[in-house]
There are 2 protein chains.
Amino acid sequence: MRSLYVIVVGCGRLGAHLANLLSHDGHRVVVIDRKATSFARLSVEAFSGFRVEGDAAQPETLRRAHIERADLLVAATHDDNVNLMAALVAQRVFGVKHVMARVYDPAREETYHDLGLETVCPTRIAAEAFLGLVHRAVEEGVRA
Amino acid sequence: MRSLYVIVVGCGRLGAHLANLLSHDGHRVVVIDRKATSFARLSVEAFSGFRVEGDAAQPETLRRAHIERADLLVAATHDDNVNLMAALVAQRVFGVKHVMARVYDPAREETYHDLGLETVCPTRIAAEAFLGLVHRAVEEGVRA
C-alpha cells in the first residue's frame, strides 16, 4: 500500500481515532485542532504523526500543516461550517486531490457532493445501523 | 411487517431522525427527552407518535412512556451513562425484549454486549466509513 500524506482536521473522538488508525497503517498524518489539549486523545502507541494547533478554516493553519504536500484531507470537527470551509480551501486553493468532510446535517450532503467533496454523515449512518437492528428484531418476530 | 411499540430515548438529531423513520414506517413510537424544545426536531409529516418530557434514567419517566408495552427501546442521547442506565432499566426492570444503545466510547461496546445490549457506536462506524473512502483513494493511485 502507498503511504499517503494525510491531514486530519479536528482531534475529537472521531478525528483522533482516524489519525491513530491511519498513522498505525503507515500513512504520514498531521492532525490540526484549535485546542492543544485535544491531542491527548492521540495514542502513544499508534500515532507517530504531527500536531498543529490552530483554526483549520484559516489557510495559514493549513499551510503550517504543509497542505501543499497533502494527498488527502479529512475534515472531522464537530462544526459543519468549519469542515466545509477547510475542505473547500484544501480542494480549491491547495488542490488537494481527495477531500472528505464529516457533515452532521444530512440535508447538506447533496450540496457537498455537488462541490466534489466526499462525505460521511454520522447521523445518517448511525440511524441506518439502528434501523438494521430494528429490522432484525422485527424479523425475529417480537410480539406485536 | 409487524408494528412495534418503540421507545426512543433522546430527541437529538439521531433520535429524532430514527423516531421519524420508525413512525413513518408504521411503528408506534414514543420519544423521551429532557427538554421539550428538542421535540421540534420531529417531522410534522412523518411523526405521529407521542412525546414524553423527562429524564429517561428515572424509571418513573419510562413508566410514563408505558414501557411495560414496549417491544424495543433505543437509547440515543448524547450521554453514554444515560443511555446505559435507560437501557439496563428497560431490560432488567421492565423486561423489554430488544434494547439498543448509542455508545460514543468504542472501549465500552464489549461491556454492553456482555450485558445483552445491542449497540451502535457512531465514532467507530464513521471512522470505518472514512477509512473506506481513504482505501478507495489509495487504490485509485494517488501520488505517493
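Computed values, structure above
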read-out: Over the range A:6-126, relative contact order from alpha-carbon pairs under 8 Å, at least 6 apart, %; value: 22 percent
read-out: Percent of Cα-Cα distances greater than 17 Å, calculated over the range A:95-144; value: 50 percent
read-out: Linear extension gain, residue B:48 paired with residue B:2, 0.36 nm per residue minus alpha-carbon span; value: 14.9 nm
read-out: For the protein assembly as shown, Kirkwood radius (reciprocal of mean inverse C-alpha pair distance, Å); value: 20.0 Å
read-out: MRE, 222 nm, helices only [DSSP H, n ≥ 4, -39500 (n - 2.57), over chain A, to nearest 500]; value: -10500 deg cm²/dmol
read-out: Shielding by partners - mean other protein chain Cβ count within 10 Å, residues of B:60-72; value: 1
read-out: Rounded to 10°, Cα long-axis angle of helix A:122-139 versus longest principal axis of chain A; value: 20 degrees
read-out: Whole-Å semi-axes of chain A's equivalent ellipsoid (Cα gyration tensor); value: 30, 19, 14
read-out: Where labels lie 7 Å past Cα in the beta-carbon direction, separation of residue A:111 and residue B:113 in nm; value: 3.9 nm
read-out: Shielding of A:17-27 by partner chains, average beta-carbon count, 10 Å; value: 3
read-out: Segments A:4-11, B:100-107 sorted - mean Cβ within 10 Å per residue, highest first; value: A:4-11, B:100-107
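Each value in this text was obtained by applying a stated rule to the coordinates, not by laboratory testing. Keep in mind that what you see is a predicted model, and the values were worked out from it rather than measured. Counting neighbours? That spans all protein chains shown, and the Cβs are built from the backbone with ideal geometry, glycine included.
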